[in-house]
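S.K.: Let me begin by handing over the structure; questions about it come next.
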Amino acid sequence: VKTNIGHLEGCSGLVGLAKACHALREGVVPRSLHFKTPNTAVDWSSITIVTKNEDLGGGAVGVSSFGFGGALGHVVVTGRKVTRREEVVNSEALVVPLEAHSSASLRATCKRIKVWSQKENVDDVAKCLVKRSSLNKRRYRTAAVVPAKGGRAALAAALETVAINEHEGDVALAFVFTGQGAAYAGAVTSLLGDEAFRA
C-alpha cells in the first residue's frame, strides 16, 4: 500500500483491506509503484515484488498489519457474491463538484468518475464528491449538474460537457449554513417576541 499511496500510519491496515477488496473485485493484483533498484542488503530469492499488474486468479487475499505500537493483525478476504444493484434515481437536482491540480488531470478525473459512477447511485456519487471537495482546495475546479430524475445517464452526459475553471487563491465565503434555525423561511420568527432572544 505504501508504494501506491504513501505513509498512512494509523489507517494503513484499513487501506490495505480496501486494496485487498479492490483486488478481489477486479481480479487484478496492482503493481507496486517506484520499485526500480532493489536494496542489496535484502535477500530477494524468496520475495516477489509485483512490478506490473497481475491476474489474481480468484481465491483469497491476506492482509497483514504490523502496528507501530506493537499491535498485529491478519485478515483473510475471500471472493464476494455479486448482486445486481437496481438504480435509485435522484429525486432532486444535484451539483457534483470536481477538482484537480491541472486541466488535463481534471478531464481525466471526469472520465474516471464517469466509468465508476455507472455502477453507483447518483446521490451517493454526489455525496462522496462533495465530501472530497470540502477536504481539498485544488486550483482547477468545475461542477456537473444532474437534473432531477436524471440518474446515471444524466451524470455521464454532464461529465462530458463540464467547463473547467482555473481559480487563483482562496475563494471568499459566500454562504453559511448553520443548521440552527435556518431550516426554512421564518423558522425562528416566534422567538423574536422573546426579549432575551432579540438581545
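The values are calculated or read from the model by the stated rules, or taken from the named source; none is laboratory data. In this text, all values refer to a predicted model and were calculated from it rather than measured experimentally. A quick note on method: Cβ atoms are made from the backbone with ideal geometry, for glycine too, and the neighbour counts reach across all protein chains shown.
S.K.: Which of the residues that make up region 1-24 are over 17 Å from the mean Cα position of the chain (by Cα) and not β-branched (V, I, T)?
M.R.: Matches in region 1-24: K2, H7, E9, G10, G13, L24.
S.K.: A follow-up question, please. Inside region 97-141, can you point out the residues that are part of a strand (DSSP E or B) and surrounded by fewer than 18 Cβ atoms within 10 Å (Cβ to Cβ)?
M.R.: P97 - this is the single residue of region 97-141 that is part of a strand (DSSP E or B) and surrounded by fewer than 18 Cβ atoms within 10 Å (Cβ to Cβ).
S.K.: Quick one: in region 142-164, which of the residues that are assigned to a loop (DSSP other than H, G, I, E, B) and not charged (D, E, K, R) is nearest to Q118 (Cα to Cα)?
M.R.: G150
S.K.: Still on this structure, please answer the following. Against the condition over 20 Å from the mean Cα position of the chain (by Cα), surrounded by fewer than 10 Cβ atoms within 10 Å (Cβ to Cβ) and at positive phi, how does G57 come out, does it pass?
M.R.: So G57 passes the test.
S.K.: Residue check, V171 against (1) modelled with pLDDT under 85; (2) surrounded by 14 or more Cβ atoms within 10 Å (Cβ to Cβ); (3) β-branched (V, I, T), all met but one. Which one?
M.R.: Answer for V171: the failing condition is (2).
S.K.: Right, next: Find all pairs meeting these conditions: Cβ atoms under 6 angstrom apart; at least six residues apart or on different chains; first residue within region 90-104 and assigned by TED's automatic domain parsing to the domain that holds A143 and over 18 Å from A157 (Cα atoms); second residue surrounded by 12 or more Cβ atoms within 10 Å (Cβ to Cβ) and modelled with pLDDT of 85 or more.
M.R.: A100/L106; A100/T109
S.K.: Among the numbered conditions (1) surrounded by 10 or more Cβ atoms within 10 Å (Cβ to Cβ); (2) in contact (Cβ under 8 Å) with a residue 24 or more places away in the chain; (3) in contact with a Phe, Trp or Tyr (Cβ under 8 Å, 6 or more places away or on another chain), tell me where P38 comes up short.
M.R.: Single failed check for P38: (2).
S.K.: Any residue at all in region 140-147 that's under 16 Å from A163 (Cβ atoms) and aromatic (F, W, Y)?
M.R.: Yes, region 140-147 has at least one match.
S.K.: Would you say R31 is modelled with pLDDT of 85 or more, part of a loop (DSSP other than H, G, I, E, B) and either within 20 Å of the chain's Cα centre (by Cα) or not assigned by TED's automatic domain parsing to the domain that holds T161 (or both)?
M.R.: yes
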